[in-house]
1. Within segment A:162-174, is there a residue that is within 16 Å of DNA strand C (Cβ to nearest atom), under 30 Å from residue A:232 (Cβ atoms) and in the same structural domain as residue A:38 (by TED's automatic domain parsing)?
2. Filter segment A:133-148 down to the residues that are more than 16 Å from DNA strand B (Cβ to nearest atom) and not in a helix (DSSP H, G or I) and list them by number.
3. Out of A:151, A:163, I need the residue that is free of Cβ contacts under 8 Å to residues at least 60 places away in the same chain, part of a helix (DSSP H, G or I) and surrounded by fewer than 19 Cβ atoms within 10 Å (Cβ to Cβ). Which one?
4. Does any residue of segment A:25-44 turn out to be within 16 Å of DNA strand B (Cβ to nearest atom), under 30 Å from residue A:177 (Cα atoms), modelled with pLDDT of 95 or more and under 13 Å from the mean Cα position of the chain (by Cα)?
5. Select from segment A:54-103 the residues that are over 25 Å from residue A:212 (Cα atoms), in a loop (DSSP other than H, G, I, E, B) and hydrophobic (A, V, I, L, M, F, W, C) and list them in ascending order.
6. With respect to residue A:187, determine if the residue is β-branched (Val, Ile, Thr), at pLDDT 95 or above and not in a loop (DSSP other than H, G, I, E, B).
7. Among the numbered conditions (1) away from DNA strand C (no atom under 11 Å from the Cβ); (2) touching a Lys or Arg at 6+ places or on another chain (Cβ under 6 Å), tell me where residue A:150 comes up short.
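The values are calculated or read from the model by the stated rules, or taken from the named source; none is laboratory data. Treat the numbers as computed from the prediction; the structure is a model and nothing was measured. Reconstructed Cβ throughout: ideal geometry from the backbone, glycine too, with neighbour counts over all protein chains shown.
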Amino acid sequence: MPELPEVETVMRGLRERLEGRVIRRAAAHRPDLRWKLPEGFARQLTGARVRGFRRRGKYILMRLDGGRSVLLHLGMSGRIVLRRADQAEPAGLHEHLVLETDDGWRVGFVDPRRFGAADLVATGEEDTHRLLAGLGPEPLEPGFDAATLSAALAGKRTPIKAALLDQGVVAGLGNIYVCEALFRARISPRRLAASVAGRRAERLVPAIRSTLTEAIAAGGSSLRDYVQPDGELGYFQHAWKVYGREGERCERCPGPPDCAGIRRIVQSGRSTFYCPRTQR
DNA sequence: ATACGCCCCTGGTGGC
DNA sequence: TGCCACCAGGGGCGTA
């Protein structure tokens, strides 16, 4: 689930609750997430003060004192659950990691599918971690522009949809926001990546930016199990123009008989939604 | 170097 | 009601 806007929202929720706090207790209920947790993961968190947070692509980094940072990825079904520690509920189903703060909050990482991951990395060396080293530019930072993007796409003989899902091209996009950004940019998801240059790249960059920025402002998109750490639902799913809207009339089109509506195709095993009439 | 299918895992949904 | 196929926001890995 969680793409950049959801990860950003979760990271902000964690920051609000955890920054400056001391981790009183930490527990890992099972070590087999996407990868095995590092030896002594929970022990190394215990007693540390949380210094700060940042996001890189779909990864959350929690900097601790003592020279270590926690790296967290939510996978497809990962979420953070915050509640008061004194409510003394047992760990919920699939609550694999639990922290308790010195001011009485309990932070749970819940991930039924266990595609999520957590690791420890030396503070200051986060970006050289094997999972972060290959990431492309942050789409919301100034360095991400049409020239950068077309350079990354140059020579790629894969559909633009697949190229944008490649975290090495740009970090943080996933299936929903790629579909939405391509719709905004009026670019067909089937177009050869290398052919997205010039004016198309000039359209795509602001389309990606505005999609992500608006989604963050909405608290992300909630479907299935995604909620913000405080339990609030994001509401950007109501602003989706094409994702999940197969057969509906696209807002740029007159509808039947001139246009058959939004179409769903499968590209590299994932659903793509687009308007064949206005996306070229 | 690159690109695609497969796999990891659980749960929800819709059809029969 | 029950079973089952299919689908889901991710991404690494082996193979061509």
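1. no
2. Residues satisfying the conditions are A:137, A:138, A:139, A:140, A:141, A:142, A:143, A:144, A:145.
3. On the way: A:163 fails: surrounded by fewer than 19 Cβ atoms within 10 Å (Cβ to Cβ).
Among A:151, A:163, only A:151 is free of Cβ contacts under 8 Å to residues at least 60 places away in the same chain, part of a helix (DSSP H, G or I) and surrounded by fewer than 19 Cβ atoms within 10 Å (Cβ to Cβ).
4. For segment A:25-44, residues within 16 Å of DNA strand B (Cβ to nearest atom), under 30 Å from residue A:177 (Cα atoms), modelled with pLDDT of 95 or more and under 13 Å from the mean Cα position of the chain (by Cα): absent.
5. Those that are over 25 Å from residue A:212 (Cα atoms), in a loop (DSSP other than H, G, I, E, B) and hydrophobic (A, V, I, L, M, F, W, C): A:88, A:91, A:93.
6. For residue A:187, the condition - β-branched (Val, Ile, Thr), at pLDDT 95 or above and not in a loop (DSSP other than H, G, I, E, B) - is not met.
7. Checking residue A:150 against (1) away from DNA strand C (no atom under 11 Å from the Cβ); (2) touching a Lys or Arg at 6+ places or on another chain (Cβ under 6 Å), the one that fails is (2).
Table: residues versus (1) of a type in the set (Phe, Trp, Tyr); (2) out of contact with any helix residue (DSSP H, G or I) (no Cβ under 9 Å at 6 or more places or on another chain).
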position	(1), (2)
A:115	yes, yes
A:132	no, no
A:163	no, no
A:183	yes, no
